[in-house]
């Protein structure tokens with residue numbers, strides 16, 4: 001009796017396993033069918049969107065081109081902008097705006113207002129999706145919408161790097177003179193802002209608006225932040241940049257500031273200071289001074305470069321030798337003569353290397 005009971009239990013257990021396997025297979029087939037259906041719907045949606053986009057481009061891109069070229073569209077024949085096509089329009093409109101200047105911008109703005117786009121973007125600015133805020137911020141900046149000032153000002157503090165940068169750019173577009181004293185300190189604080197993007201914003205504002213607030217911010221900033229801002233000096237008027245460079249080189253004792261200035265220094269006015277810095281205790285400042293001497297030095301500085309060939313730091317010796325080799329009046333024969341006159345073996349060795357490089 002016990003034996004036959006065990007057999008029945010075994011058969012029941014086997015049937016249960018088979019049922020579970022069948023159910024699992026059916027579930028797998030159902031899941032596969034759902035995934036295939038979802039993929040099909042995504043594909044169909046993408047295809048439909050692409051067709052709509054192509055249809056939109058065929059109608060609106062010529063209109064935008066006409067507006068940019070100076071032909072105001074006939075408002076009576078201007079097609080209605082469908083709500084579903086707003087994203088397409090803003091994409092094309094903002095890209096076009098980024099590539100033009102002057103009266104064409106005014107005409108593009110007039111087109112957007114005629115279509116009621118300026119009202120739509122206010123709603124987008126209130127939405128939670130970051131992509132909508134990005135588009136709205138860029139659009140309001142291009143429109144020069146003064147009413148958005150406080151809203152955009154708050155977005156500068158956003159943890160989203162792109163959103164904060166677009167808000168900064170928008171404020172500068174709306175009123176550069178008012179915006180730059182506000183945003184330049186942020187440029188010193190926001191390490192996540194790419195310098196190239198920041199420089200583009202400053203160049204668009206123009207040196208008239210940038211020069212005074214940037215120079216003031218550099219003079220008032222800590223050495224670390226001033227060093228970051230010095231990278232944007234080329235967006236100022238040359239006279240302002242030169243005067244600020246002179247002042248900082250003369251009075252600053254911060255290594256980072258001096259280093260940043262020496263990297264781009266090309267004003268012969270600073271030659272006396274550069275000559276003094278050739279004796280600086282920090283080797284990298286001596287090295288950069290030697291390089292700067294090659295840009296602004298005079299013939300009598302050749303002797304100074306020769307003295308640097310015996311510097312205790314290899315990089316100083318190497319850059320001094322390179323600068324010496326690149327002097328307009330220098331030749332391989334003259335370099336060999338200088339090498340033969342050196343009693344210091346380090347000077348002879350570094351000239352060996354540079355002569356080999358020049359020969360190659």
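Extent of the range 155-310 along each principal axis, from alpha carbon coordinates, in Å, largest to smallest?
Principal-axis extents of the range 155-310 (Cα, largest first): 55, 28, 23 Å.
Quick one: helix 345-359 against the long Cα principal axis of the chain, what's the angle to the nearest 10°, folded into 0 to 90?
Tilt of helix 345-359: around 60 degrees.
How far is the Cα center of the range 108-134 from the Cα center of the range 229-243, in Å?
36
Hey, what angle do you get for helix 314-325 against the long axis of the chain, alpha-carbon based, 0 to 90 degrees rounded to 10?
70
Which value, in nm² and rounded to one decimal, describes the direction-averaged projected area of the C-alpha convex hull of the chain?
Working: hull surface 145.4 nm².
Mean shadow area of the hull around the Cα atoms is 36.3 nm².
Can you compute the FRET efficiency between residue 204 and residue 55 using 1/(1 + (r/R0)^6), with r the Cβ-Cβ distance and R0 = 30 Å? Round to the nearest 0.05. Walk me through the numbers on the way to the answer.
Numbers: r = 33 Å, r/R0 = 1.12.
Using R0 = 30 Å, I get an efficiency of 0.35.
For a test of the definition: using alpha carbon positions, the gyration tensor, and the 1.5 limit on a/c, classify the range 131-191 as rounded, prolate or oblate. Intermediate results must be reported in sequence, preceding the final value.
Working: a/c = 2.02, a/b = 1.11, b/c = 1.82.
It comes out oblate by the Cα gyration axes.
If you consider only alpha-carbon coordinates, what radius of gyration and Dmax does the range 265-360 have, in Å?
Over the range 265-360's Cα set, Rg and Dmax evaluate to 12.4, 35 Å.
Please compute the contact order of the chain in relative form: average sequence separation of alpha-carbon pairs under 8 Å and at least six residues apart, divided by the residue count, as a percent.
Details: 319 pairs, mean separation 23.8, N = 360.
This gives 7 percent for the chain.
Going by alpha carbons, how many degrees (0 to 90, nearest 10) lie between the helix axis of 161-174 and the longest principal axis of the chain?
Here the helix axis deviates by roughly 70 degrees.
Run lengths n ≥ 4 of DSSP H only: what is the helix-derived mean residue ellipticity at 222 nm for the chain, with -39500 (n - 2.57) per run over all residues, to the nearest 500?
Numbers: 19 runs with 271 residues, N = 360.
After summing the helix terms and dividing by the residues of the chain, the value is -24500 deg cm²/dmol.
Percent relative contact order of the range 265-360, based on C-alpha pairs within less than 8 angstrom and at least six residues apart?
Working: 102 pairs, mean separation 21.5, N = 96.
Averaging sequence separation for qualifying contacts and normalising by length gives 22 percent for the range 265-360.
Two decimals is fine: what is log10 I(q)/I(0) at q = 0.17, 0.26, 0.31 Å⁻¹ for the range 86-126, from a Debye sum with one equal scatterer on every Cα and no solvent?
Results for the range 86-126 at q = 0.17, 0.26, 0.31 Å⁻¹ read -0.45, -0.95, -1.14.
None of the figures in this text is laboratory data; all of them are computed from the coordinates on show. Just so it is clear, the structure is predicted and the values come from calculations on it, not from any experiment. Positions of Cβ are generated from backbone atoms using ideal geometry, with glycine treated the same way; all protein chains shown enter the neighbour counts.
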